[in-house]
Amino acid sequence: MESTPKVIDSNILNRKSHFSFSQKPVEEEHLLLVFEAARLAPSSYNAQPWRYVYVEKNDEDYLRLLSLLAEANKVWASSAPILILSFAQVFDVKNNRANRFAFHDLGLSTSNLMAQATSLGLATHPMGGYDVERAKEVFRIPEGFEPGAMIAMGYPGDPTTLPEDLQKRNFAPRMRKDHSEIVFKGGWEKK
Ligand SMILES: Cc1cc2nc3c(=O)[nH]c(=O)nc-3n(C[C@H](O)[C@H](O)[C@H](O)COP(=O)(O)O)c2cc1C
């Protein structure tokens, strides 16, 4: 396959993991649109295994969510006006059935969420660097659910005010594997 195709959807192309956020609050209408996009994702058997808990900067629960983050994430994520924690229903207790695609489908949903956020001019940054076990305790997660990713969201801030190491990460060129490493026509063994 050739290198990057010439026309990529702008919300895919322009999404990046932001490290700085403006203090401008996110309008409720925009929040609704972002979660609506998440809701519209496809899922195996239409199980819709995704769930989202979110907090706003002024909520008392904001600090509870923030405190779960690894220190390296806390440094910059604490500027985000919204923190979201995602969950996947990996086991349906009522029907005694595991869903092998739960995290797959949560990822599809979160991808929709971030694309919609991008289209609204919002910045996002997904994070796996948080205390998953403590998240389970803090949020008394229903049986069958597992935490997914934490997502920082808000309007973009001024990255030039970030500490030097974070500026470096913020402005680093996008790094991706080559097509030849991830796409195989006809099978893994064929070149
Ligand atoms: C599930 C998941 C977990 C991630 N965890 C972290 C994290 O803990 N801290 C962080 O700074 N970035 C985290 N990232 C962001 C990735 O580092 C980032 O997506 C990747 O480097 C590609 O950069 P881009 O999102 O700007 O395109 C995570 C991304 C995903 C999807």
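The values are calculated or read from the model by the stated rules, or taken from the named source; none is laboratory data. Model, not experiment: these values are computed from the prediction. Because the Cβ atoms are built from the backbone with ideal geometry, glycine has one as well, and the counts that use them run over all protein chains shown.
Annotation for the stretch 40-62: no member residue is within 16 Å of the ligand (Cβ to nearest atom), out of contact with any Ser or Thr (no Cβ under 6 Å at 6 or more places or on another chain), free of Cβ contacts under 8 Å to residues at least 40 places away in the same chain and charged (D, E, K, R).
Restricting to the stretch 83-109, give me the number of residues that are within 11 Å of the ligand (Cβ to nearest atom), in contact with a strand residue (DSSP E or B) (Cβ under 6 Å, 6 or more places away or on another chain), of a type outside the set (A, V, I, L, M, F, W, C) and assigned to a helix (DSSP H, G or I).
0
Just one of the listed residues (Ser17, Ser22) is within 13 Å of the ligand (Cβ to nearest atom) and either without any contact (Cβ under 8 Å) to a residue 60 or more places away in the chain or surrounded by 11 or more Cβ atoms within 10 Å (Cβ to Cβ) (or both), namely Ser17.
Checking each residue in the stretch 138-164 for being closer than 16 Å to Gln23 by Cβ, surrounded by fewer than 19 Cβ atoms within 10 Å (Cβ to Cβ) and of a type outside the set (Ser, Thr, Tyr) picks out Pro156, Asp158, Pro159. In the stretch 126-166, the residue that is nearest to the chain's Cα centre (by Cα) out of those that are without any contact (Cβ under 8 Å) to a residue 40 or more places away in the chain and within 15 Å of the ligand (Cβ to nearest atom) is Gly128.
Residue-wise test of (1) over 10 Å from the mean Cα position of the chain (by Cα); (2) buried (at least 22 other Cβ atoms within 10 Å of the Cβ); (3) at pLDDT 95 or above.
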{"residue": "Val75", "(1), (2), (3)": "yes, no, yes"}
{"residue": "Val90", "(1), (2), (3)": "yes, no, yes"}
{"residue": "Ala102", "(1), (2), (3)": "yes, yes, yes"}
{"residue": "Ser111", "(1), (2), (3)": "no, no, yes"}
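Assessment of the stretch 106-125 against the conditions (more than 16 Å from Ser20 (Cα to Cα) and without any contact (Cβ under 8 Å) to a residue 60 or more places away in the chain) yields at least one matching residue.
Applying the selection to the stretch 101-130, what residues are among the hydroxyl-bearing types (Ser, Thr, Tyr) and farther than 18 Å from Arg39 by Cα? Correct list: Tyr130 only. Remark: Ala80 matches the filter, which requires a residue to be surrounded by 13 or more Cβ atoms within 10 Å (Cβ to Cβ) and in a loop (DSSP other than H, G, I, E, B).
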